[in-house]
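For reference, the structure discussed in these notes is given below.
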Amino acid sequence: SFIALAGRSGAGKSTMVNLLPRLQDVTSGAIYFDGVNIKDLRLEDLRPSIGFLRQTAMLFNESVYDNLVYGLGFIPTEEQVRKALDDAFASFVYDLPDGLDTKLGDSGVRFSGGEKQRIALARVLLEDTDILVLDEPTSALDSESEAYIQEALSRLHGKKTIIVIAHRLATIMQADTIFVMQNGSIVERGSHSELLNAQGVYSVLFKNQINGMIGM
């Protein structure tokens, strides 16, 4: 399923997803992965099952290929690399003068924010994890780049467990369930249309964003 976490800054969204790979541990209650308490799983088994894409793409000054396979744990086939790039709408790298051998520059300085994010997404997809977590993946992108990420999520919908944190709510309108957080608690849950009809916190957030866009 495709799950989304929405809410204002400081609501607790990032803390929530940090609990999944045990970057932080719960102080009460429990989190279960396929019926198993994650505290009963070894970190070396749990963490490779969760792919993370952060707001800022973490890239280094090596080739596109080296960035894709860094920390992967296996040597991917050419077909696997191409599929990951295609699914992330990052196949533009094949049109570069040096293709996959193109150096990215420090922090990917030679590429736009949207291009860097799509390369980073391709790296996560190459890991082929059970769970894919995207933490504010489009907040720093232009509308065209945001559309690419949204389409990539649409292609993955139904194939993986997807958890997206989003401040820009257009990114998560297609989610199966949106959990709205406020002051560290979930205060609403439902689909985009259900939450709009509920006229609650989510509805206010969405209308404020729409009004902000119109006023730009």
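Side notes on the structure shown:
- For Val36, the solvent-accessible surface with a 1.4 Å probe is about 60 Å², rounded to the nearest 10.
- Efficiency of FRET from Cβ geometry, Thr15 and Ile210, R₀ 30 Å, rounded to 0.05: 0.65
- Check: the chain dipole with +1 on Lys, Arg Cβ and -1 on Asp, Glu Cβ, in debye: 700 debye
- Size of charge dipole - the range 133-186 - debye, nearest 20, with Cβ of Lys, Arg +1 and Asp, Glu -1, no other charges: 260 debye
- A 1.4 Å probe over all protein chains sorts Glu151, Glu146 by accessible area into Glu151, Glu146, starting with the largest.
- All-pairs alpha carbon distance profile, the chain, 10 Å steps from 0, percent: 8, 32, 34, 20, 6, 0
- The chain: antiparallel DSSP beta bridges as a percent of all, rounded to 5: 30 percent
- Whole-number D in µm² s⁻¹ for the range 7-125, Kirkwood Cα-pair radius fed into Stokes-Einstein, 20 °C, 1.002 mPa s: 132 µm²/s
- The residues neighbouring His157, those whose beta-carbon lies less than 11 Å from its own, together hold a net charge of +1 under the Lys/Arg +1, Asp/Glu -1 convention.
- Residue-level accessible surface for Glu44, protein heavy atoms, 1.4 Å, Å²: 110 Å²
- Placing a pseudo-label 7 Å from each Cα along the Cα-to-Cβ vector at Phe74 and Thr177 gives an inter-label distance of 3.1 nm.
- Equivalent ellipsoid semi-axes - Cα gyration tensor, the range 131-209, angstrom: 21, 15, 12
- Axial C-alpha extent at least 15 Å, average Kyte-Doolittle at least 0.0 - helices from the chain (DSSP): 201-214
- Rg over Rh [alpha-carbon atoms, Kirkwood Rh] for the range 45-113: 0.96
The values are calculated or read from the model by the stated rules, or taken from the named source; none is laboratory data. Just so it is clear, the structure is predicted and the values come from calculations on it, not from any experiment. Neighbour counts run over all protein chains shown; Cβ positions are idealised from the backbone, glycine included. Ligands, DNA and RNA are stripped out before the accessible areas are found, and what is left, the full protein with its side chains, is counted by its heavy atoms. Shrake-Rupley method; radii C 1.70, N 1.55, O 1.52, S 1.80 Å.
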